[in-house]
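Enquirer: Got a structure here, written out as structure tokens. Questions coming.
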């Protein structure tokens, strides 16, 4: 059974390139063996990530993220059983929301900023899907 988990968290430390690079490298190293695909977005101190894969591997990974000292205030925005992956081509794609056209952000939010804590999970997931469709992902495996 496939599931999709969308969550948001706040970085406990400033999101310096070394921090995001380490998270992405760890994801790209570990997720393929678990059958997990997804997408990571970040801006300022906010992470938004969608994970897709088998129920047990996704739940185990999410539990690890909750315990990870780099993440604080972790919140599930959406969790669902799925029949197919939306982010199946992505070992762990990356988007820096700061470089995205603000009109796209306004399409899914009241303000031209990424604030998953103030948006619905459905709107956040639709934004991520559109980022994939408009090729605004910077790294593809």
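Enquirer: Can you tell me which residue in segment 42-59 is nearest to residue 80 (Cα to Cα), limited to those that are surrounded by fewer than 21 Cβ atoms within 10 Å (Cβ to Cβ) and in contact (Cβ under 8 Å) with a residue 12 or more places away in the chain?
Expert: Here the answer is 55.
Enquirer: Note down all Cβ pairs under 6 Å where the first residue falls in segment 1-21 and is closer than 25 Å to residue 55 by Cα, the second is buried (at least 17 other Cβ atoms within 10 Å of the Cβ) and at pLDDT below 85, and they're at least six residues apart or on different chains.
Expert: Close Cβ pairs (under 6 Å, with a partner that is buried (at least 17 other Cβ atoms within 10 Å of the Cβ) and at pLDDT below 85) do not exist here.
Enquirer: For the subset of segment 23-36 comprising residues that are in a helix (DSSP H, G or I) and touching a residue at least 24 places away in the same chain (Cβ under 8 Å), which member is surrounded by the fewest Cβ atoms within 10 Å (Cβ to Cβ)?
Expert: Only one residue tops the list, namely 32.
Enquirer: Still on this structure: What is the one condition in (1) at pLDDT below 80; (2) in contact with a strand residue (DSSP E or B) (Cβ under 7 Å, 6 or more places away or on another chain); (3) on the phi > 0 side of the Ramachandran plot that residue 94 does not satisfy?
Expert: (3)
Enquirer: Taking the options 116, 112, name whichever one is without any contact (Cβ under 8 Å) to a residue 12 or more places away in the chain, in contact with a helix residue (DSSP H, G or I) (Cβ under 7 Å, 6 or more places away or on another chain) and either part of a loop (DSSP other than H, G, I, E, B) or within 14 Å of residue 131 (Cα to Cα) (or both). Step through it out loud before you land on a result.
Expert: Values: 116 fails: without any contact (Cβ under 8 Å) to a residue 12 or more places away in the chain.
On inspection, the qualifying residue turns out to be 112.
Enquirer: So residue 82 ticks every box in (1) without any contact (Cβ under 8 Å) to a residue 40 or more places away in the chain; (2) over 15 Å from the mean Cα position of the chain (by Cα) but one. Which box is left unticked?
Expert: All conditions are met except number (1).
Enquirer: Assess whether residue 43 counts as being over 14 Å from residue 7 (Cα atoms) and within 11 Å of the chain's Cα centre (by Cα).
Expert: When the stated conditions are applied, residue 43 does not pass them.
Enquirer: Out of 15, 39, 2, I need the residue that is farther than 22 Å from residue 130 by Cβ and either crowded, with 17+ Cβ neighbours inside 10 Å or at pLDDT 90 or above (or both). Which one? Walk me through it before giving the result.
Expert: Details: 39 fails: farther than 22 Å from residue 130 by Cβ; 2 fails: farther than 22 Å from residue 130 by Cβ.
Only one candidate passes the filter, namely 15.
Enquirer: What do you reckon, is residue 123 at pLDDT 85 or above, surrounded by fewer than 18 Cβ atoms within 10 Å (Cβ to Cβ), part of a strand (DSSP E or B) and touching a helix residue (DSSP H, G or I) at 6+ places or on another chain (Cβ under 8 Å)?
Expert: no
Enquirer: Of all residues in segment 77-90, which are in contact with a helix residue (DSSP H, G or I) (Cβ under 7 Å, 6 or more places away or on another chain) and modelled with pLDDT of 95 or more?
Expert: 77, 78
Enquirer: Moving to a separate point now. Say whether the condition of being at pLDDT below 85, in contact with a strand residue (DSSP E or B) (Cβ under 7 Å, 6 or more places away or on another chain) and either over 23 Å from residue 2 (Cα atoms) or assigned to a helix (DSSP H, G or I) (or both) is met by at least one residue in segment 57-76.
Expert: Checked segment 57-76: no residue is at pLDDT below 85, in contact with a strand residue (DSSP E or B) (Cβ under 7 Å, 6 or more places away or on another chain) and either over 23 Å from residue 2 (Cα atoms) or assigned to a helix (DSSP H, G or I) (or both).
The values are calculated or read from the model by the stated rules, or taken from the named source; none is laboratory data. Bear in mind that the values here come from a model prediction, so they are computed numbers and not experimental data. Please note: Cβ atoms are built from the backbone with ideal geometry, for glycine as well, and neighbour counts cover all protein chains shown.
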